[in-house]
Structure formats: C-alpha cells, structure tokens
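Notes follow the structure.
The values are calculated or read from the model by the stated rules, or taken from the named source; none is laboratory data. The shown structure was predicted, so the numbers you read here are calculated from the model rather than taken from an experiment. So basically every Cβ, Gly included, is an ideal-geometry build from the backbone, and we count neighbours across all protein chains shown. Just so you know, the surface numbers come from the protein's heavy atoms only, side chains and all, with ligands and any DNA or RNA stripped out. Shrake-Rupley method; radii C 1.70, N 1.55, O 1.52, S 1.80 Å.
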Amino acid sequence: MIPSPFEYHKATSISDAVAKLAQFEEAKIIAGGHSLLPMMKLRFAEPPCLIDINGISELKGITLESDHLVIGAMTSENEIIASDLVADHCPHLINVAKLIADPQVRNRGSIGGDIAHGDPGNDHPAVMLSLNAEFVVHGPDGERTIAASDFFLGTYWTALDENELLVKIRIPTRKSGMGYGYEKLKRKTGDYAVAGASVVVQMNGDQIDDVRIGLTNVAPCAIRAEAAEDILRGQSPSADLFARASEAVRDACDPAEDLRGDAEYKSNMAAVLFRRAVEKAIADSRG
C-alpha cells in the first residue's frame, strides 16, 4: 500500500529536531524507518509530518563514561556488533543484535529507534530492562534521564513526552561475576519474536547475588519478571529453583494471541526461554 501524504523535514541538530517536533503538530521522528514506514504503508500510522534525524552526528557513536557504556540513539545494530567497547563492557548487546532481523536491517536499524518505538515485539526494550539501563532524552526544557524500568508503559506507549527525543542510552558496564543470556523464539529470519527472555545475573561464588529478567512480546510492553527474580535472588542454582522461577515467569506473561500462537503457547515458550537464558547467564558469569 501507499502511505497517506506527509511533509518531510531534515533536522540538523538535536535542538533543531526538538524545535521541529514542537513546530509541526503530530510529527514523527524517522530514524532507520524499519518500524514506522511499514506501519505507514499499511495506514496503521498516518503522521502528517516526518522529521529525519539521520544527519545528526551527535546522536551516533559509542563511548565509555566511568562505569557506563553510552550509546548514541542513532547507532546502528551493525555498529554495535562491530564495537570493541561493547565487546569489552557489555557483550550481551552484541549477542542480542545478531538475532535482530537480518544484515540489511541491522545496517540501518538504530538501537534508539528500536527502544523509542515501544513495540513489545522489539528486542532491545526487554534487554534494557535486564541491563538496568537508563535513557537520556532531550526536549524543550532540556535533558532528563528516564530509567528503563519507568520507560515502557504499553503498546507503542513510552514515557517520552510529545516533543522529546531519545538521544543516548546509558548501560552499566560488566562487573566481575556478571553473566548474560538472551533466548528468542521466532518463526523465521527477520521475524519478530514469538517470545524472548533476557537474563542478567550477578553471581557471588555459587550464589545468585542479583538477577534481572526482561521478557519480549509476552505482554502489552516489555516487562520484568520480578516475582521470578525474587525466587532466584540469594539462592544457589538448582533444577528445582529454575522450575519454580519458570512458573513465575509463565504467570507474569499476558501475551496477545496472533498467528504466532495463542496466549498459553507464548507463555509456556517464555518460561522455556527463560530457563535456557538463565542457565546461559550463569555459565557466562563463570567464564
């Protein structure tokens, strides 16, 4: 299908993009375009104005600031995969990015677009929850920081105000004893996840000192399985422990039924994927 008519404006800086958002009513930001443009073609979204942020250099790049990895919102998935800084300080992102869509999409798709779109089927939202990330956003009143745990509110609904732009993602760097695991079920290459689970553990010897679990596409937005985290925290890994936590993961799910499966199937798959991810994360923590 063909999108409805729209105006196109190219932003030259962060402040220019924010000004254009305020100037043009119901304008939408276009980054890689892999989420927004298909919705426009199907007339699921009909923004009267698009603001292109691809030319803003300050939105790109990966740096290390103290104990945080800082990633510009327009950094592509392939740039994340190729980054030595990410490999050294948060290799979890590389493993996740390699599972997103296909090489062509990863060459254009941006991490910020994946997050800001608020699609429960996107990979990064649940991963950001598990990583305890925070997002720097810029609006008419300047910058503010939003914790990932406060950012995802519902389907295509985030804590971004109407005239705000996501500019940076801040992720705590890897500590000794930390391990990562991400497991994703999809029907074919390039498809959204049927379900997915991202697990970050902090081990203290043979004990799970801390854990965060993010779930993909099993609720109206990315969610944390906090009841399962409570079961695991302070315990030593065992089959019985993982079985009880898996039940809590299943209970946390509230997926929509679609061609990928019914609610029961998706919830069960989330529990299975969590079990694989937590075992992978614990193994990763031990090197």
Report summary line: Scanning the range 81-110 residue by residue, the ones that are touching a Lys or Arg at 6+ places or on another chain (Cβ under 9 Å) and β-branched (Val, Ile, Thr) total 3
Query raised in the report: Which residues, taken from the range 257-286, are modelled with pLDDT under 95 and crowded, with 16+ Cβ neighbours inside 10 Å?
Result: 260, 261
Query raised in the report: Out of curiosity, is residue 159 over 30 Å from residue 15 (Cβ atoms) and small (Gly, Ala, Ser)?
Result: no
**Report entry** Residue that is surrounded by the most Cβ atoms within 10 Å (Cβ to Cβ) [pool: residues in the range 105-127 that are charged (D, E, K, R) and within 19 Å of residue 61 (Cβ to Cβ)]
**Finding:** 114
Query - Residue ID - surrounded by the fewest Cβ atoms within 10 Å (Cβ to Cβ), chosen from residues in the range 20-35 that are at negative phi and touching a Pro at 6+ places or on another chain (Cβ under 8 Å) - result: 25
Report task. All but one of (1) modelled with pLDDT of 95 or more; (2) in contact with a strand residue (DSSP E or B) (Cβ under 7 Å, 6 or more places away or on another chain) hold for residue 15, so report the exception by its number. Result -> (2)
Report task. Please give the number of the condition residue 146 fails out of (1) closer than 17 Å to residue 95 by Cβ; (2) part of a strand (DSSP E or B). Result -> (1)
Requested in this report: Return the total of residues in the range 114-129 being within 20 Å of residue 92 (Cα to Cα) and in contact with a helix residue (DSSP H, G or I) (Cβ under 8 Å, 6 or more places away or on another chain).
Outcome: 9
Query - Filtered residues of the range 224-255 (kept if surrounded by 15 or more Cβ atoms within 10 Å (Cβ to Cβ) and touching a Ser or Thr at 6+ places or on another chain (Cβ under 9 Å)) - result: 224, 228, 249, 250, 252, 253, 255
Query - Selection count, the range 152-189, where residues are within 15 Å of residue 68 (Cβ to Cβ) and either open to solvent by 70 Å² or more (accessible area, probe 1.4 Å) or over 16 Å from the mean Cα position of the chain (by Cα) (or both) - result: 5
Query raised in the report: Could we say that residue 144 is more than 27 Å from residue 285 (Cα to Cα) and in contact with a helix residue (DSSP H, G or I) (Cβ under 6 Å, 6 or more places away or on another chain) here?
Result: no
**Report entry** Qualifying residues in the range 128-151 (those that are in contact (Cβ under 8 Å) with a residue 60 or more places away in the chain and closer than 25 Å to residue 178 by Cα) - the one surrounded by the most Cβ atoms within 10 Å (Cβ to Cβ)
**Finding:** 130
Query raised in the report: Hey, any hits in the range 47-60 for a residue that's out of contact with any His (no Cβ under 8 Å at 6 or more places or on another chain), closer than 21 Å to residue 123 by Cα and open to solvent by 50 Å² or more (accessible area, probe 1.4 Å)?
Result: yes
**Report entry** Residue selected from the range 80-104 under the condition free of Cβ contacts under 8 Å to residues at least 40 places away in the same chain, part of a loop (DSSP other than H, G, I, E, B) and not small (Gly, Ala, Ser), by the criterion most open to solvent (accessible area, probe 1.4 Å)
**Finding:** 98
Requested in this report: Within the range 199-208, identify whether any single residue is of a type in the set (Gly, Ala, Ser) and more than 30 Å from residue 44 (Cα to Cα), and answer yes or no.
Outcome: yes
